[in-house]
Every structure is written in structure tokens, then in C-alpha cells.
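A.B. asks: The structure under discussion is supplied below as C-alpha cells; questions concerning it will follow.
The values are calculated or read from the model by the stated rules, or taken from the named source; none is laboratory data. Quantities reported herein were computed from a predicted structural model and do not represent experimental measurements. Cβ atoms come from the backbone with ideal geometry, glycine included; neighbour counts cover every protein chain shown.
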Amino acid sequence: MLESPDNFRKDFPFFAQNPDLVYLDNSATSQAPSCVIDRLNRYEQLQKASPFRGLYPLSVQATDDYEHARNLVRDFIHAGSGEEIIFTRNATESLNLVAYCAGNALIHAGDEILVGITEHHSNMIPWQQMARRTGARVRYLTCSREGAFNPDDLEQSLTDRTRLVAITQMSNVFGQINDLRTLTQIAHRRNALVVADGCQSVPHIPVNVRELDVDFLAFSGHKMLGPTGIGVLYGKKDLLNRLPPFLTGGEMIEEVTTEGATWAPLPQKFEAGTVNTGGALALGEAIAYYNRVGFDAMMARESALTRRLMTGMADIPHVQIIGSPKPELHHGLVTFTIDGVHPHDVSAIMADHGIAIRAGHHCAQPLHAYLGLNATCRASLMFYNTEADVDAFLNILSEIRGAMGYAD
Amino acid sequence: MLESPDNFRKDFPFFAQNPDLVYLDNSATSQAPSCVIDRLNRYEQLQKASPFRGLYPLSVQATDDYEHARNLVRDFIHAGSGEEIIFTRNATESLNLVAYCAGNALIHAGDEILVGITEHHSNMIPWQQMARRTGARVRYLTCSREGAFNPDDLEQSLTDRTRLVAITQMSNVFGQINDLRTLTQIAHRRNALVVADGCQSVPHIPVNVRELDVDFLAFSGHKMLGPTGIGVLYGKKDLLNRLPPFLTGGEMIEEVTTEGATWAPLPQKFEAGTVNTGGALALGEAIAYYNRVGFDAMMARESALTRRLMTGMADIPHVQIIGSPKPELHHGLVTFTIDGVHPHDVSAIMADHGIAIRAGHHCAQPLHAYLGLNATCRASLMFYNTEADVDAFLNILSEIRGAMGYAD
Amino acid sequence: MPIKPFYNDILMDHHHHPAHKHELPDANLTLRGVNPSCGDQITLHLLVNDAGIIQDGSFTGDGCAISQASADIMLDLIIGKDQTNALHLCSLFMKMIRETVSDSELEELEEAGALQDISHMPARVKCAVLGWHTMEEAFRSQPTIH
Amino acid sequence: MPIKPFYNDILMDHHHHPAHKHELPDANLTLRGVNPSCGDQITLHLLVNDAGIIQDGSFTGDGCAISQASADIMLDLIIGKDQTNALHLCSLFMKMIRETVSDSELEELEEAGALQDISHMPARVKCAVLGWHTMEEAFRSQPTIH
Ligand SMILES: Cc1ncc(COP(=O)(O)O)c(C=O)c1O
Ligand SMILES: Cc1ncc(COP(=O)(O)O)c(C=O)c1O
């Protein structure tokens, strides 16, 4: 079913509410369709009860609904079991969970952790901190100027001490999809685990964790049509079982005495305290929306829009694209600079004309340093954007040097 | 302004939606008024943008609204500064944050942590785990059978090695308010920090952290008219500044290189990744609702209902109240057993008649062991409950032994 | 107006007069099971001979009417049977609770059929299966008895 | 249709032709300031004599038009003044950005008044104050210069 963009947009009250806004900051956070909000509401307003512990119907219902949402996530990324799906607050927490727990169980002094130079701070600082706690060492895997990882580079960067590779499936600066399957095969051959950051990929392409064979995958609900406050950690069951728990307290126990505690089985072991039921149910509904529309239709829209965007940008003098010049490698995410104009000024001028883009280091400061850049601009699309959005952006983009006092 | 209960109830669509339900599990989670849901909706559906990083108006607005919510929390508990208010996922995370971070910075091998025997698992297991990591030792502060802590007992339990006392302001089994101010004075005289669990107190009584002088206070939004997925950690500024960060990644940094990172100032230092803006705004609105209705009116309702409840219970044979027999010491929370009937059966029979109460160990298994109980029932009220709710509960309560085959 | 008895006669009877709730000093297979959602716990004591026949059995611990009655009924059923047979009954019981069973299967379960309704009370499923699950685990953890 | 210049002439001029953006080898007070929301950074170099007079100053680093122009304008203002005077101007500037200033105060700020509109652009406040804040910190961290 190929829906027209108008059909998509009517599902998102955001656009009717903000008719003069051109929202091109989707990589930061996406908008939510009304079905997602309705689900959030229905639980928080009409069906609120704590799951797991109550014996009354409303609590049983909350438990069932929560586990149903977990199963929707499981199927969306093709995990083998709901036990492999942990609800967290956001991808940052998911990655910290692995870094804190692996730091006791899997990584020891002298071990090496290989981190992509492309990584978002949330998939870099947790490893730096973990290395500090354990006496392990962080090394970096560099990429080409276009953002690609060379499998041979990985091969050569892995040593007998490398225990873990932390790498993104899609960089939030380049928009390029890494061939995680190949990279994971190489890492596994050398007995290194792979922690993948799916924040930017999961919202835009079908992801199959069993095919990729990654050991962990983290992503955030708010970037994939869900509300703020809910994220996911996928982990292979045997690995999650080997990890100690992260947060401890209510709901994640089997038995507690003054001496210590034993833990509940997966996935509860990693979900301490009252869970974000509303967030999980809403994320489940976001996935149901993805399933209804289908990635085919969404990706067709995103690639048409990306092509229009990048073709237009190529025609504007003094605009420099970061990463590949090929639209099909960008998945709606285009990072750029304008000669002589600081990204902050670009984004302020855009904002002044109702266009929301991002400027700064996009939480990837080491990548910017590696590229010799201090800051960049980023426009990021989603299937619900329109040709008019792209054209409005291009129109202002072509005026920016002028607005900053340049003659050409 | 003393509103009638009908006035309260019309603010809560939950009750119109569930006309046959008597909801007496408010200590587990409370219902949310429509203004809270509206605020959540408005952000998630119409104003969604990531705070902090965007230069466009919607992002600036989200930042302002998020900080406004923080200030509402600050004023609600009378903290000195917004820098002392950290938004977390729930109280469990708040307590884990302190336990993880203090475990590096403030507590060392050989130190002692004194934990109330009354504590919820979320204010007990994190300390057991931290003790394991650091080589510190957990000891317990016992209470009377009515749930009261004796200041002399605290005095005697503190040693020169005690660095921290973890104690609840209101037990979720006894409903009694501990005199935290006195206990904190004693602990501070011996140079021990106080981590208070405010989960049950903050929703029911005015709390002033500066008067209590506790060093940390944790509580959850979902128990105080807010949605699931948002919690709070209050910490004294100088202590929070001395702690290392907990979760690391986006938004909580000053500068990042491949070598390491420096941290943003408070409170951002402790809020890694995209924040739960919707949850924070909704919690802010819940507090605004508290402020509009006022604790005087709420507490008057709760104490009238508690009196009716406990007077009725005292008249039913074979019902045993846990804790004080005095209604004024229960703050709407009454834990009980029925001779010869297991709490699970009590709660199942209640559920069968549309009454939602809790049965089990209420995440306080060590307290139950200390009291020689395996499980108990708990009915918990909020100002929006009615006399009819209480009477329906009492009516079924008096029938339970009969339904379980007892002649009397 | 008094409310009607909450459980059927068979459950009430086993709950109030459990035949097998006692210690079993000569047990050679003992396992503790807990229901983490409420902290209820049961310890199952079995005396299994070299041929794998359950010669005697009992349970101790604390739990609701359903978990206690279910354990008592189970022991009625399995004492005198061999391990294989007991595990077969256990899988039938799980099937009855989680899905449905045929009439002939229901007949095999004898009094345990009194727990059929539990499939409509999802919150109580863990109670009903606690004893059975513990037996399963006990046999799995120690497949050969000496 | 071309859009109009985004910043006023004074800002544009200082942005495109900063008088003080260069190294200052004989500086005796140097501090780096960062704007964590975008990673922009400025390093302020000052030469302060024993009497506390700022004899010379410059800045290096990378930042948006506002942060760069603001730093350049600040240096125009404070070079030749003493520390106390510079801090006074700094507090006036912060007041202008965060609240309002009187006409006479605005006059004291000379060209820095061109940044008055920033108070309506909350996202840019950190840019506008970066240089000023760095100067404040520099003086605070090293109150006496040798
Ligand atoms: C006293 C007490 N402390 C801590 C908690 C944990 O709160 P949460 O589950 O929201 O993290 C609760 C509620 O479950 C509680 O009642
Ligand atoms: C690639 C990547 N990784 C991690 C994150 C962190 O996600 P969150 O802030 O939702 O935890 C983001 C988004 O900010 C991202 O783009």
C-alpha cells in the first residue's frame, strides 16, 4: 500500500497545529501519530494500574498489554524471544546498561574495546567510563571521509585482547548504513562482542537482529514515532543471562532477604521499579503504525525526498555535504556546512524562516574533530515530510550567504 | 478551598470510565487528572521537539517548559535550587543513581550503610549491591511492631564507620510518617548522610527538604497524579557536585574527545540522553494540580476516609491491622491480614467484587520476614476516593471468611 | 447478603484439610519453589525409590488456597506413580491451565480438574502451577535418585 | 526574493572584520570558554599590567557570528580599562542580555548595545555571553596578575 504523503500527514496532528513550520530535525526526535498518543492516553487516563503485581483485572490487563508491546518490539526487529527485549528510558540508558553490566561480567583489566569514531556520545562515553572502572582500554575504529567503515580496517584493529566492538548501524552525521552483518562476522571470528547503536537505523530501515547477529542493539522510542521516555535494549538471551542486573529494587527480584537477593528471570531482571507502561504501550502502537504503513512505502518517500533535497543542495554554491554525495546513502539525513557561515547562524536564519534544522556537533564531537570540523548543520527527513518542506529549505539555503553579507 | 469529593472526581476521567471499580491500590500507582494527560498530550502530539540543543522556537519552548517543570518540583519540596532536582525514570532509578555514584565517591571498603528494616526493595537492594562493589557493610535499623523508629535505636546503631542512612519517610506497609528531621539530625551529628525514600510521603503530605535536611530524597511521579516513566531525585547541590555522573552520553557533557569527557553543570550532568520531556511536563502539571487543590483539602479528605476505613475494619472479627491502630498514623494506607485466609485469596475475592487492593510482600520482603509474616493485604486511599469506596470494601471484607468456608 | 463460597468444594476441602502438608523426614528429593509475584513459597519433599516410583511425598510452606490445594491434589495424584507418569500428568496439568484439555485428559487429572477455571484467572496461574512446576524442576535437577 | 541581512551592521562588521581575532604572544591571562550546547569555543588572551589595566587583548577559536562579534566588541571596550571597570561593563552586558538596561547604561556599553536584541533569541544568549563570561572567569580564577 503506497499512501500519499497527505495520507501520512493527516495522522500527525503536529502538522495541522504548526502549519508554518518545516520540521527537518527528525533525527533528533520524530513526531508521533495520533494513534500513538491515543494509546498513551488510554492507559494513563483510563486504564492506569501497575502491571505484574496486582491480582485485579486492570492490573492483569496492564501486564498483558505491556507484554504485548514487548512482543511487537520483538517482532519488529526479529528477535528470537521477548526475553531479549528490555524496556529502558532511552538508547543512552540501554547502552549504559550494557557498559555497566559488561564491565563486571565480560570485560577485564587489559582488555580492549573498539569504538567507532562515528559514535554518538551515548555509544562512546559509557565505554570510556567503563574502561576507567575496569582497567580496559578504548581504541577507535576510523572511517573514510564519506563515513564508511572498511572491513579490512576492522580486521586489523581487532587484537586478541578486543572483547567488544561498539558501533552504530547508521551514523547520525553521515546517514550511511554500515554493513553490520559483515562487521559482526569479523568481530565474532575474533571473539569480540558487538554492541550496535540502532537509534537512527531502526526508525528508517527494516532491522533483523538475527540476520545481523549483533549481540546487543539499542534504540529510542522517541525517534520512531513514539513518545519521549521509552527506549529499548535488545540483547542475546545467553548474554543477558550472564550479565548481573543493572538497576535493582522492586519488580526485578525473585526473593529478598537482609543478606541479599536473587533475581527474576529475563526480561524482568533488567526492569527495576515501576515500569513506564504508558511509554511501552505507545511504542508498541508506533510499531503497529509502522507495520500498517510498511517500510516499503516509507522508504520510497524518504528516498524520493532525499534525492530532491540533495539534488537541490548540489546546485547551491558554497554548500558542502558531509559524507557521500549519493542521496541513496543518506536515508533522509544530510549534514552540511556553508562556506564562511557558522552552522549556528545557518540554523538561526532557518529558524527565523520557520525551518527547524540542527546545528552543532550532534553529540558526535570526536567525529567532528576527526573530520576537522567544529560544527555542522543537519537536515533530517521522515516519510511524512513533503516536497514543499524540501523546497522551502532549499529556498532559504540559497539565501543564507546573502543574509550574512556575502555578495555571492 | 475545600472541594467536595465529587469535584475532585470529575477531574479524573478514570472514574467515569470504570464506574464499577473501587480503586484502593493508590500506593502502587495513583490515577491522573485530565489536566496532566492534556499536558502530556500537548507536548507529545503538538509541541514535540528535543529540548536543549535546537535553535528553533519549538526546541527553545521545550527547554523552557522542561525547566519550568523542574522549578515546580523544586518549589513543591522546597529545594533551594533547580540544580538540586534531577529527573529520573522512577524512584528506583533515583535511589540506584545515588547508590552507584556514592559507591565511588563517598563510601569505601569497611564503611557501614544503615538501612531501615522497613525499606522497599528499591531502597535496600541498591545498598546491598553497592556494599558488595565497595566492600562496605549493610546493617539494618529495626522498628517497633507498629513501624516506629526510635531515635535512641538510631543513635546506638550508628558507628564511626557509618557513612549513610537509607530510610523511608513513609513506609509503604505501615503508612506511618517517620520523624526524618530528628533522625537526620542524629545521623548528621555522626557524619552520616541521609538518603530518604519519599515515594509514599511526597504524594500525601507537604515535604520540605530544607527543613528535614535530608541529603537525598527520591520519589516517583506515577504515585502523585503523574504518568508512568518519570521520577525525581533531590540531592543537596554540593553533594551532587561531588558525585561522578551516573549515565553518560548525550546532553550531559561539556566537551568530549577520544580520551575522555568533561561534564555539564547540574542538573544536566545527571540527565543523559534525550530526556522524558512529556513525563516531566506532565509531572509539573500534577504538581500544579496539587497546588490548586492544596494539601489541606486533600489531607482532610484522606484522614476522614482513613478514619472511616479503620473504624469499620476494627468492627470486623479476624481482621488484623499491621502497624498502629490509630487512623491518624496511616495516611490512607492500611495493611492487614485476615485470620486463616491467605492475602492472595482476600485480594482475589475483592477483585471478583470490583475492588482493587494489593496482596503480597509489597516489595518489602525483609520487613515481612522481620514481622514474621509471609504476605499481607493493603488498601490505600487517595483524596479522590469516596465514602462509598470505603463502605464497599468493608462490606466485602466482612464476608471474606465466609466465602472461604469459615462459619464465623 | 453473604457472598457465595469463592472456590469449589474440592479446592476448599484440600485447602482446609490438606492430607500432605507436613514434613517428610525420609524424603530424598526436596526442592523449594517461590512465586515471586507474591513471595509465596512451597517446599516439596519426595521419597523416590530406585525404580523411580514416588513412594511418598509432602509439602511445607506458605501460600494461598489455590497453591496449597493444587499441591495437595498433585501429591494425591502422583504418590505411587513413577517419575515418567508424574511428569506426564504435570504436562497435562500445565496444558489444562494454559490452554485446554480433552475430556479424556481431564479425566486423567482426576481432582486436579477442579483447577480448570484458573485459566480464566491469569493472575492466579502462577499459584496453581507452583507445586507442579517445583516437581518438574526437582526431577530435572536430579534425574537419578540414589 | 533575497532575504534581508540577518544581523545589524555593527555585528556584521565585527564578524567579518574582527580587529582582535589573533594570537597574543605576550598575554599573561588566558582562558578557554566553551558553549557546550554547540561545542563552540573561544580562547581569550589578555595582557594585564600590575595596576590591573588591560593593556591588550585578543581572542582565538571558533564560533558563530554572534559569539565572535560579541567577543570582538568586548575587547574594543575593555582594552585600556582596568579590571574593575571591565567587570562592571560585563555585568551591564549580562543585565542587558538577560533583563533590560537604562538608556545611560546602554550608552556605557557603546557598540555592545548592538547585541540588545539577543534577549529575544534565548537560544543565542549563550553565544552572546561566551566571551564576556570567559573574561569574568579569567579574572575570578586569577585575581592578581604578576
Ligand atoms: C516506599 C516505596 N519506595 C520505593 C518505591 C519504588 O517506586 P518505583 O517503583 O516507582 O520506582 C515504592 C513504590 O513502588 C514505594 O512504595
Ligand atoms: C546515533 C545515535 N545514538 C544515540 C542517540 C541517543 O539517543 P537518546 O538521546 O534517545 O538516548 C542518538 C540520538 O540522540 C543517536 O542519533
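A.B. asks: Taking segment A:103-132 on its own, how many of its residues are of a type outside the set (Val, Ile, Thr), at pLDDT 95 or above and in a helix (DSSP H, G or I)?
C.D. replies: The number of residues fulfilling the criteria is 10.
A.B. asks: Suppose we keep only residues that are outside any helix (DSSP H, G or I), at pLDDT 95 or above and among the hydrophobic types (A, V, I, L, M, F, W, C) within segment A:376-408. Which one would you say is surrounded by the fewest Cβ atoms within 10 Å (Cβ to Cβ)?
C.D. replies: That would be A:MET404.
A.B. asks: Could I ask something else about it? In segment B:234-275, which residue that is of a type in the set (Asp, Glu) and more than 27 Å from B:GLU211 (Cβ to Cβ) is farthest from ligand 2 (Cβ to nearest atom)?
C.D. replies: So, considering only residues that are of a type in the set (Asp, Glu) and more than 27 Å from B:GLU211 (Cβ to Cβ), the one farthest from ligand 2 (Cβ to nearest atom) is B:GLU259.
A.B. asks: Sticking with this structure for a sec: Does C:ILE10 count as among the hydrophobic types (A, V, I, L, M, F, W, C), within 13 Å of chain B (Cβ to nearest Cβ), outside any strand (DSSP E or B) and in contact (Cβ under 8 Å) with a residue 60 or more places away in the chain?
C.D. replies: Answer is yes for this residue.
A.B. asks: Right, here's the next one. Just need a number here: residues in segment A:20-68 that are over 27 Å from the mean Cα position of the chain (by Cα) and more than 25 Å from B:ILE355 (Cβ to Cβ).
C.D. replies: Residues meeting the conditions: 1.
A.B. asks: Shifting gears a bit: Kindly list, by first and then second residue, each pair from a residue in segment C:112-129 that is on the phi < 0 side of the Ramachandran plot to a residue that is of a type in the set (Phe, Trp, Tyr) and in a helix (DSSP H, G or I), limited to pairs with Cβ atoms under 7 Å and residues at least 6 apart or on different chains.
C.D. replies: C:ALA112/C:PHE93
A.B. asks: Additional query: Kindly indicate which of B:PHE87, B:PHE14, B:PHE52 is under 29 Å from A:GLN17 (Cβ atoms), assigned to a loop (DSSP other than H, G, I, E, B) and of a type in the set (Phe, Trp, Tyr).
C.D. replies: When all the criteria are applied, what remains is B:PHE52.
A.B. asks: Provide a single number: the residues in segment B:93-139 that are more than 16 Å from ligand 1 (Cβ to nearest atom) and either within 11 Å of chain A (Cβ to nearest Cβ) or not aliphatic (A, V, I, L, M) (or both).
C.D. replies: 16
A.B. asks: Can you tell me how many residues within segment A:279-296 are within 16 Å of ligand 1 (Cβ to nearest atom) and farther than 17 Å from A:ARG53 by Cβ?
C.D. replies: Looking only at that region, the number is 1.
A.B. asks: Filter segment A:44-74 for residues that are touching a residue at least 40 places away in the same chain (Cβ under 8 Å) and more than 15 Å from ligand 1 (Cβ to nearest atom); which is surrounded by the fewest Cβ atoms within 10 Å (Cβ to Cβ)?
C.D. replies: Among them, the one singled out is A:HIS68.
A.B. asks: Do you know which residues across segment A:353-399 are of a type outside the set (Ser, Thr, Tyr), under 18 Å from the mean Cα position of the chain (by Cα) and away from chain D (no Cβ under 11 Å)?
C.D. replies: Selection gives A:ILE357, A:LEU367, A:ARG378, A:ALA379, A:LEU381, A:MET382, A:PHE383.
A.B. asks: Residues of segment A:144-163 being assigned to a loop (DSSP other than H, G, I, E, B), surrounded by fewer than 20 Cβ atoms within 10 Å (Cβ to Cβ) and not small (Gly, Ala, Ser), which ones?
C.D. replies: Scanning segment A:144-163 gives A:ARG145, A:GLU146, A:ASN150, A:THR159, A:ASP160, A:ARG161.
A.B. asks: Take A:GLU328 and tell me if it is buried (at least 23 other Cβ atoms within 10 Å of the Cβ), in a helix (DSSP H, G or I) and either more than 8 Å from every other protein chain (Cβ to nearest Cβ) or modelled with pLDDT of 95 or more (or both).
C.D. replies: In short, no.
A.B. asks: Moving to a separate point now. Out of (1) among the hydrophobic types (A, V, I, L, M, F, W, C); (2) surrounded by fewer than 21 Cβ atoms within 10 Å (Cβ to Cβ); (3) farther than 18 Å from D:VAL129 by Cβ, the odd one out for D:LEU92 is which?
C.D. replies: Here D:LEU92 clears every test but (3).
A.B. asks: Identify, by number, the condition in (1) crowded, with 20+ Cβ neighbours inside 10 Å; (2) at pLDDT 95 or above; (3) not hydrophobic (A, V, I, L, M, F, W, C) that C:THR60 doesn't meet.
C.D. replies: All conditions are met except number (1).
A.B. asks: Which one of these does D:LYS4 not meet: (1) more than 27 Å from B:PRO265 (Cα to Cα); (2) charged (D, E, K, R); (3) assigned to a helix (DSSP H, G or I)?
C.D. replies: Here D:LYS4 clears every test but (3).
Residue-wise test of (1) crowded, with 24+ Cβ neighbours inside 10 Å; (2) touching a helix residue (DSSP H, G or I) at 6+ places or on another chain (Cβ under 9 Å); (3) assigned by TED's automatic domain parsing to the domain that holds B:LEU97.
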| site | (1), (2), (3) |
| --- | --- |
| B:LEU141 | no, yes, yes |
| B:ILE167 | yes, yes, yes |
| B:MET170 | yes, no, yes |
| B:PHE174 | yes, yes, yes |
| B:HIS204 | yes, yes, yes |
| B:ASP213 | no, yes, yes |
| B:PHE216 | yes, yes, yes |
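A.B. asks: Another one. Looking at B:GLY249, B:GLY312, B:GLY323, can you tell me which residue is crowded, with 23+ Cβ neighbours inside 10 Å, touching an Asp or Glu at 6+ places or on another chain (Cβ under 9 Å) and closer than 30 Å to B:ALA148 by Cα?
C.D. replies: Going through B:GLY249, B:GLY312, B:GLY323 in turn, just one is crowded, with 23+ Cβ neighbours inside 10 Å, touching an Asp or Glu at 6+ places or on another chain (Cβ under 9 Å) and closer than 30 Å to B:ALA148 by Cα: B:GLY323.
A.B. asks: Follow-up question, since we're still on this one. Only one of A:LEU97, A:LEU114 is in contact with a Phe, Trp or Tyr (Cβ under 8 Å, 6 or more places away or on another chain) and within 14 Å of ligand 2 (Cβ to nearest atom); which?
C.D. replies: A:LEU97
A.B. asks: Pick out the one residue from A:PRO57, A:PRO51 that is touching a Leu at 6+ places or on another chain (Cβ under 9 Å) and either farther than 18 Å from B:PRO227 by Cα or away from ligand 2 (no atom under 16 Å from the Cβ) (or both).
C.D. replies: Criteria check complete, one pass: A:PRO57.
A.B. asks: Taking segment A:333-375 only, how many residues are in contact (Cβ under 8 Å) with a residue 40 or more places away in the chain and assigned to a loop (DSSP other than H, G, I, E, B)?
C.D. replies: 9
A.B. asks: Here is a further query. For the subset of segment C:63-72 comprising residues that are aliphatic (A, V, I, L, M) and surrounded by 24 or more Cβ atoms within 10 Å (Cβ to Cβ), which member is nearest to the other protein chains (Cβ to nearest Cβ)?
C.D. replies: C:ILE66
A.B. asks: Outside the structural domain of B:GLY147 (by TED's automatic domain parsing), within 30 Å of B:GLU67 (Cα to Cα) and assigned to a helix (DSSP H, G or I), is that true of B:MET310?
C.D. replies: Here the answer is no, as B:MET310 does not meet what is asked.
A.B. asks: A further question on this structure: Which one is farthest from B:GLN365 (Cα to Cα) among residues in segment C:26-42 that are within 13 Å of chain B (Cβ to nearest Cβ) and in a strand (DSSP E or B)?
C.D. replies: Looking at the filtered set, the residue picked out is C:ILE42.
A.B. asks: B:ILE86 passes all but one of (1) surrounded by fewer than 23 Cβ atoms within 10 Å (Cβ to Cβ); (2) touching a Leu at 6+ places or on another chain (Cβ under 9 Å); (3) more than 7 Å from chain A (Cβ to nearest Cβ); which number fails?
C.D. replies: So the condition that B:ILE86 fails would be (1).
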